[in-house]
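Single-structure report; data block below.
The values are calculated or read from the model by the stated rules, or taken from the named source; none is laboratory data. Everything quoted here is computed from the prediction, not taken from an experiment. All Cβ positions, glycine included, derive from the backbone under ideal geometry; neighbour counts span all protein chains shown.
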């Protein structure tokens, strides 16, 4: 890494107003001087000054655009970094990259710019992960959680836990090294509750469900018997014609999915096949998928036709939904209601009546995710492992086992927390983390 200079397109592929080619490494300034000619042939590149000129491949003008050199250490990677801003297009960026390859630049691996920022000490591992977390954020709350981690939220929490754990280990070491001066029983009166409290604090920060919702979205399954308006409801919630709507029962035979943002949370809706007895093989598969979608969902919307009496199929679906978080939705509010229907949210997929109330109810069920100390699943898994190790240390203290044994568990917890920030890191871990990044970041 120390000798290579990498380059990649930092903007999404395809046509666009602007495309940015990023270069990082010891030869960044040299390569910039060979592929970009500032207007007026101004000598050199002042640091952090955006200049107008022409992108070149030898003596051929590729495009006109802007370029900037950011000298180390005041750059994203803490290396010399150059960026050339071109008109967005595959040919233009490809031509500039081919010129850079010919001059000795190396194609950047996924996430290599951010990996260099980590290895050069600009960010710790948790903040590096927050970069990709922010890029992939599909909802307001996911973006807020990513920005908080990017600004050091997860790092601050973990480093605070590490400091407390280091203080506990110091107390254990003192009791082991100076048994004549420090009574072990008296030391445990302080060390035991502190160890328990830290284990509880770490465990409380591990809401894996919230992490999954931030990363993948809140799963809502729309279920009901055929022709109650499930597909119409999906289309209304999404604001687009995603599912086919007809008067014929059993139109939907596969899972139709769509995504919307409600209350700052990404919500994934699944319109399922109508659940009923059927002799048609394809429809039977759709019904099986519908039942499986109910089991996976964070919330089930049970749709009933309020203009028709409650049938045996409706009753069966209501029974199935009892084991899941669910809302009963009474569709077709423009029709006279039947007296035997359960309480539910009254809506009309056709007129839009009650849809805003339904959206609010779904957002309320989704809750406030991403407001905890930790938001990434990897961080939570490590924090939970550290919490378990602390609990084992506390159990050993309670059983009056040798303090050396408790110290082993405490050191295990400290090492595990170091994997969050990158203080304890392996090549395999780095490859795993940065392989999820896009090229150019």
The residue that is surrounded by the fewest Cβ atoms within 10 Å (Cβ to Cβ), considering only those in segment 142-152 that are in contact with a helix residue (DSSP H, G or I) (Cβ under 7 Å, 6 or more places away or on another chain) and at negative phi, is 147
Within segment 265-292, residues within 17 Å of residue 238 (Cβ to Cβ) and modelled with pLDDT under 85 come out as 272
Original post:
Just to be sure, is residue 134 surrounded by 21 or more Cβ atoms within 10 Å (Cβ to Cβ) and in contact with a helix residue (DSSP H, G or I) (Cβ under 8 Å, 6 or more places away or on another chain)?
Top reply: no
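Listed here are the residues, each with its yes/no results for (1) touching a strand residue (DSSP E or B) at 6+ places or on another chain (Cβ under 6 Å); (2) farther than 30 Å from residue 131 by Cα.
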| site | (1), (2) |
| --- | --- |
| 351 | no, yes |
| 366 | yes, no |
| 373 | no, no |
| 378 | no, no |
| 406 | no, yes |
| 415 | no, no |
| 419 | no, no |
| 429 | no, no |
| 433 | no, no |
Q) Residue check: is residue 155 crowded, with 17+ Cβ neighbours inside 10 Å, out of contact with any strand residue (DSSP E or B) (no Cβ under 9 Å at 6 or more places or on another chain) and modelled with pLDDT of 90 or more? A) yes
Result of the Cβ filter at 7 Å on segment 111-132, keeping first residues that are without any contact (Cβ under 8 Å) to a residue 24 or more places away in the chain and partners that are in a helix (DSSP H, G or I), at least 6 apart or interchain, is 123/117
Only one of 131, 106 is farther than 20 Å from residue 14 by Cβ and modelled with pLDDT under 90, namely 131
Across segment 160-194, the tally of residues that are over 17 Å from residue 409 (Cα atoms) and surrounded by 13 or more Cβ atoms within 10 Å (Cβ to Cβ) stands at 4
With criteria (1) modelled with pLDDT of 80 or more; (2) in a loop (DSSP other than H, G, I, E, B), residue 231 comes up short on (2)
Restricting attention to segment 180-196, the residues that are under 36 Å from the mean Cα position of the chain (by Cα) and either at pLDDT below 85 or outside any helix (DSSP H, G or I) (or both) number exactly 0
Turns out the strands (runs of 3 or more DSSP E) fully within segment 1-104 with at least 3 residues that are crowded, with 20+ Cβ neighbours inside 10 Å are 6-9, 16-24, 60-70, 81-88
From the option list 295, 324, single residue qualifying as at pLDDT 80 or above, assigned to a helix (DSSP H, G or I), under 26 Å from the mean Cα position of the chain (by Cα) and not assigned by TED's automatic domain parsing to the domain that holds residue 137 is 295
Reported set for segment 399-424 where residues are buried (at least 16 other Cβ atoms within 10 Å of the Cβ) and closer than 18 Å to residue 125 by Cα is 413, 414, 416, 417, 418, 419, 420, 421, 422
